[in-house]
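Below is one structure, written out as structure tokens, with a few remarks after it.
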Amino acid sequence: MNDKLIIFDTTLRDGEQSPGASMNKDEKIMIARALEKLRVDIIEAGFPIASPGDFEAVKAVAEVISDSVVCGLARTSDADIDAAGEALKPARQARIHTFIATSPIHMQHKLRMSPDDVLTTAVKAVKRAGKYTDNIEFSPEDAGRSDIDFLCQVIEAVINAGAKTINVPDTVGYSMPHQFGETIRQLIERVPNSDKAIFSVHCHNDLGLAVSNSLSAVLNGARQVECTINGLGERAGNAALEELVMAVRTRRDIFACDTEIDTTEIMNCSRLVSNITGFPVQPNKAIVGANAFAHESGIHQDGVIKSRETYEIMKAEDVGLNTNRLVLGKHSGRNAFKTRLKELGFEFNNDEDMNATFKNFKQLADKKHEIFDEDLQALVTDSLQDTSLERVKFVSLAVKTETGEVPTADIILTIDGNERRNQSTGDGPVDAVFKAIESILNSGCSLLLYSVNSITGGTDSQGEVSVRMSKNGRIVNGRGADTDIIAASAKAYINALNRAMGNDDREHPQL
Ligand code: KIV
Ligand code: ZN
């Protein structure tokens with residue numbers, strides 16, 4: 001029988017470290033529920049010491065999740081470990097993940113600690129975590145650039161102190177697959193008590209090798225992989241969960257292990273994470289990109305019609321792609337709406353949220369007669385956003401464009417409840433709208449990215465707009481969806497502005 005490959009998802013922690021991807025408590029709960037439905041083994045819910053908001057979010061995830069283990073990250077200080085232990089108290093199954101850097105460059109310049117001190121500190125942290133749980137994971141940060149003899153010493157010591165999982169991170173995405181696999185093989189072979197722990201890997205994608213490095217480690221004995229939905233994560237991101245899972249599943253002939261992931265939930269999770277974070281999925285992204293299962297060339301189409309296996313190595317249905325199945329329409333009732341949302345993994349905390357979302361659904365159904373799963377997901381993530389703290393709200397928009405004429409936009413907003421209106425011209429209708437908003441708000445933000453996606457096919461599809469902007473070095477994302485893409489653009493811009501103006505008390509202890 002094949003070994004189990006444990007899937008440790010860190011979308012809510014490392015994924016959240018992508019610039020502008022921060023999520024609030026309700027958004028984290030929504031994603032955690034979807035991850036549990038996907039059947040991930042461990043959900044790393046956050047970094048409890050980073051801010052009161054992070055602490056509360058980890059605690060809230062720990063309260064609602066029962067099948068997956070809920071994990072909290074902690075550096076080696078007592079305060080970090082205690083914060084993680086406290087936040088995880090409500091969890092049915094809790095794990096504390098503690099880490100300290102072991103590479104010469106990190107020890108010397110970041111930690112300013114000797115190797116001996118790093119070793120002692122690591123052991124002390126693992127022992128302290130043992131006060132809260134016996135499910136302890138230890139990571140020697142920047143292992144990819146650490147000395148292997150020192151790694152062996154640290155790993156042996158933390159296993160003796162009670163660590164049950166040893167996670168080997170390629171923190172800066174520097175390793176090559178053959179080299180990283182060899183490191184894992186040697187660690188398992190040389191650490192005398194390696195049989196008392198599961199070896200895990202955590203690879204970053206700076207050179208585009210996160211998935212390759214993780215798979216090479218699996219071939220050399222790693223039995224846990226750390227990953228994120230859509231490969232979200234610090235800088236170029238982490239190994240993409242969907243790619244790892246489908247690689248191992250599709251090439252069972254090569255990998256002596258398999259996961260327990262319900263792959264038919266992959267698309268749902270991918271869309272949800274993209275909707276919530278405002279990070280669109282590139283069309284040619286493996287497994288979850290819009291073109292991943294689209295055959296364009298005549299030769300390919302002909303081959304697939306004659307025999308599917310000619311050009312298809314996986315089935316679209318296996319990853320939950322149901323080609324825009326029509327689910328609901330204008331006459332659908334509350335019960336059908338609620339049932340379909342439950343199937344998609346959304347549950348309402350109260351009737352008020354349900355009623356508000358149902359009202360938005362009816363409005364959308366009036367504009368767009370066929371409502372697909374993708375529309376519902378966008379609608380729910382929009383409706384469940386906590387807008388109570390948003391100072392700026394979109395009211396309405398009129399745009400005039402005519403060939404050969406300069407476009408004008410006339411926008412009405414409320415700021416702290418007071419209505420404001422202004423007009424502007426621009427190089428195009430979207431530019432005119434953004435300038436009209438800025439003429440009212442003068443935000444001082446710079447726009448870094450603007451992108452439009454259609455949520456489903458067809459000209460009546462909702463447009464989903466993502467914008468990324470920065471203010472004083474802080475990066476935020478915003479998104480908006482509407483059947484009118486100019487209105488969607490205005491909503492996305494206002495959503496990002498609200499985030500840029502909000503307080504963010506979060507520290508990034510790793511930086
Ligand atoms: O990339 C990294 O090294 C990390 C650790 C905290 C595991 O995210
Ligand atoms: Zn990381």
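Contact map, the stretch 163-183: first residue within 15 Å of I100 (Cα to Cα), second residue more than 11 Å from ligand 1 (Cβ to nearest atom) and outside any loop (DSSP other than H, G, I, E, B), Cβ cut-off under 6 Å, separation 6 or more or different chains; pairs are A163/V126; A163/I136; T165/I198; I166/I155; I166/F199; D170/N213. Hey, could you check the stretch 393-415 for residues that are within 18 Å of Y493 (Cβ to Cβ) and charged (D, E, K, R) and say which is modelled with the lowest pLDDT? My answer is K393. A single member of D41, D14, D67, D78 is of a type in the set (D, E, K, R), touching a strand residue (DSSP E or B) at 6+ places or on another chain (Cβ under 8 Å) and more than 14 Å from ligand 1 (Cβ to nearest atom), and it is D41. Of all positions in the stretch 16-30, at least one carries a residue that is open to solvent by less than 10 Å² (accessible area, probe 1.4 Å) and within 15 Å of ligand 2 (Cβ to nearest atom).
Counted as qualifying within the stretch 347-460 are the strands (runs of 3 or more DSSP E) with 2 or more residues that are in contact (Cβ under 8 Å) with a residue 24 or more places away in the chain, namely 392-400, 408-415, 446-454.
For the stretch 143-167, filtering for residues that are within 16 Å of ligand 2 (Cβ to nearest atom) and of a type in the set (G, A, S) leaves 3. Could you tell me whether the stretch 168-190 includes any residue that is under 15 Å from the mean Cα position of the chain (by Cα), in the same structural domain as A157 (by TED's automatic domain parsing) and away from ligand 2 (no atom under 11 Å from the Cβ)? So far as the stretch 168-190 goes, no, none of its residues is under 15 Å from the mean Cα position of the chain (by Cα), in the same structural domain as A157 (by TED's automatic domain parsing) and away from ligand 2 (no atom under 11 Å from the Cβ).
Does any residue of the stretch 473-483 turn out to be crowded, with 22+ Cβ neighbours inside 10 Å, part of a strand (DSSP E or B) and in contact with an Asp or Glu (Cβ under 6 Å, 6 or more places away or on another chain)? There is at least one residue in the stretch 473-483 that is crowded, with 22+ Cβ neighbours inside 10 Å, part of a strand (DSSP E or B) and in contact with an Asp or Glu (Cβ under 6 Å, 6 or more places away or on another chain).
Condition check for F180 on (1) away from ligand 1 (no atom under 16 Å from the Cβ); (2) in contact with a Leu (Cβ under 9 Å, 6 or more places away or on another chain); (3) not β-branched (V, I, T): one failure, at (1). So how many residues does the stretch 110-157 have that are under 26 Å from I6 (Cβ atoms) and outside any helix (DSSP H, G or I)? Selection size over the stretch 110-157: 14. Checked across the stretch 53-74, the condition of being within 16 Å of ligand 2 (Cβ to nearest atom), of a type in the set (G, A, S), under 29 Å from L389 (Cα atoms) and under 14 Å from the mean Cα position of the chain (by Cα) holds for no residue. Kindly indicate whether V191 is more than 16 Å from ligand 1 (Cβ to nearest atom), open to solvent by less than 10 Å² (accessible area, probe 1.4 Å) and closer than 19 Å to I43 by Cα. So V191 does not fit the description; no. Sub-7 Å Cβ pairs linking a first residue in the stretch 231-246 that is near ligand 2 (Cβ under 10 Å from one of its atoms) and open to solvent by 10 Å² or more (accessible area, probe 1.4 Å) to a second residue that is part of a helix (DSSP H, G or I) and not basic (K, R), at least 6 apart or interchain, are E234/Q17, ordered by first then second residue. Please determine whether any residue of the stretch 1-14 is open to solvent by less than 30 Å² (accessible area, probe 1.4 Å) and aromatic (F, W, Y). For the stretch 1-14, residues open to solvent by less than 30 Å² (accessible area, probe 1.4 Å) and aromatic (F, W, Y): present. The requirement of being among the acidic types (D, E), surrounded by fewer than 24 Cβ atoms within 10 Å (Cβ to Cβ), under 26 Å from T387 (Cα atoms) and not assigned by TED's automatic domain parsing to the domain that holds Q377 is not satisfied by E36.
The values are calculated or read from the model by the stated rules, or taken from the named source; none is laboratory data. The model shown is predicted, which means the values in this text are computed figures rather than measured ones. Because the Cβ atoms are built from the backbone with ideal geometry, glycine has one as well, and the counts that use them run over all protein chains shown. Ligands, DNA and RNA are stripped out before the accessible areas are found, and what is left, the full protein with its side chains, is counted by its heavy atoms. Shrake-Rupley method; radii C 1.70, N 1.55, O 1.52, S 1.80 Å.
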